Amino acid sequence: MRNLLAFAACGALALGAAACGSDEDSDSGGGGGGDLSGKIRIDGSSTVAPFAQAAAEEFQAQNPSVKITVGTSGTGGGFEKFCAGETDISDASRPIKDDEEVPICEKNKVTYKEVQVADDGIAVVTNPELKVDCLTVEQLKELWNEGSKVTKLSQIDPKLPDTELSLFGPGTDSGTFDFFTDEINGEEGVSRKDYQPSEDDNVLVQGVEGESGGLGYFGFSYYEQNQDKLNLVGVDAGSGCVKPAAKAIQSGEYKPLSRPLFMYPSEKALKRPEVKAFMDYVVENYQPIAEASQIVPMNQSQADGAKTALGG
């Protein structure tokens, strides 16, 4: 991961730097210069986790006395810990909930910054043996809505495969679950319950890969990392079938399953120099970090907004 990030960083900085790769040069880019120490606790979205882990590894390489842990308890689980004051930064694949999570943070006097760090599209995938090229939003709703009795795609459309389905998807603590159910089923949290859930996207990948009728959804980066094992399904929101890809996600063309990804540092944590330096590093180096972790990077407007949100 570090080699990938270093290579990507060199490419991103090639126009503005004479060299890349020396020990002296590795202290540039908001890394803190190696004089920092302390611990940074990060938890939350499994979709954001590869980005956070890539950033943590490179930042720690420049600042070996800073120890960073990255957990993956899901967006909801991460906010639960964050609002209880147990973590410094919460990874999230959706905004914090005004009606549920914000009041808990307020009660515990946990204030924070909302900082976008990347973009994502939720990928709908099948086992390669289950050959499906495209599904409409209406077909996805019929499959995933609460009370659905669909066990074969041929029940939705006779032209679709007659294979018995094995469904995999995020658990209820996942921001991906919240976003997908809201956009596809019309209400956040409304979903059929007879599927195999996990907050760990790697478990979902293994599930779909291991079942001939496997079908599921999770963050696009996990598809990219496993594309030789999975079939990517396009989504038709009414203007033709679109498969998720970096440009389609950044532009919002991949409707309705494109979304921003966030990090929420607490204001208390940001007063510690190692946390502030880490978040500055993330925002300044979002492009190579995203490329190294196979996450879709922000566009320039979003990056400018992230700097503003962080107070830069």
Reduced to Cα centres, the span from region 218-275 to region 42-115 in Å works out to 17 Å
Straight-line reach check, LYS271, cutoff 30 Å on alpha carbons, 8 or more apart in-chain or any other chain, hits among lysines -> LYS39, LYS67, LYS81, LYS97, LYS107, LYS109, LYS113, LYS307
Regression test value, accessible area per residue of the chain, probe 1.4 Å, units Å², expected 44 Å²
Counting only residues 5 or more apart in sequence or on a different chain, those whose built amide H sits under 5 Å from that of VAL117 are LEU261, PHE262, MET263
Reviewing (i) 63, 48, 33; (ii) 127, 74, 35; (iii) 107, 63, 40, the figure for Cα extents along the principal axes in Å actually calculated from this model sits under (i)
In whole percent, the fraction of accessible protein surface over the chain that belongs to carbon or sulfur atoms, probe radius 1.4 Å, stands at 47 percent
Mean Cβ-within-10 Å packing, highest first, puts peptides 119-126, 57-64, 176-183, 42-49 in the order 42-49, 119-126, 176-183, 57-64
Counting only DSSP beta bridges with both partners in the chain, the antiparallel fraction in percent, to the nearest 5, comes to 60 percent
For the chain, longest principal axis from Cα atoms; helix 273-284 axis from its Cα atoms; angle between them, nearest 10 degrees, is 60 degrees
Checking rank on 88-100, 264-276, with mean other Cβ inside 10 Å and highest first, the result is 88-100, 264-276
Sequence order, region 237-244: Karplus ³J(HN,Hα) from phi using 6.51 cos²θ - 1.76 cosθ + 1.60, θ = phi - 60°, Hz rounded, Gly and Pro as x, gives 9, x, 10, x, 6, 10, 9, x
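Among rounded, prolate and oblate, which fits region 156-229 when a ≥ b ≥ c are the square roots of the eigenvalues of its C-alpha gyration tensor, a/c under 1.5 means rounded, and a/b larger than b/c means prolate?
oblate
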The local net charge around THR308, scoring Lys/Arg +1 and Asp/Glu -1 for residues other than THR308 whose Cβ lies under 12 Å from its Cβ, equals 0
The long-range amide H neighbours of ASN145, using H built 1.01 Å from N in the peptide plane and a cut-off of under 5 Å, are ARG192
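The values are calculated or read from the model by the stated rules, or taken from the named source; none is laboratory data. Only a predicted model underlies this, so the values are computations on that prediction, with no experimental measurement involved. Neighbour counts run over all protein chains shown; Cβ positions are idealised from the backbone, glycine included. The accessibility values were calculated without ligands, DNA or RNA, using every heavy atom of the protein model including side chains. Shrake-Rupley method; radii C 1.70, N 1.55, O 1.52, S 1.80 Å.
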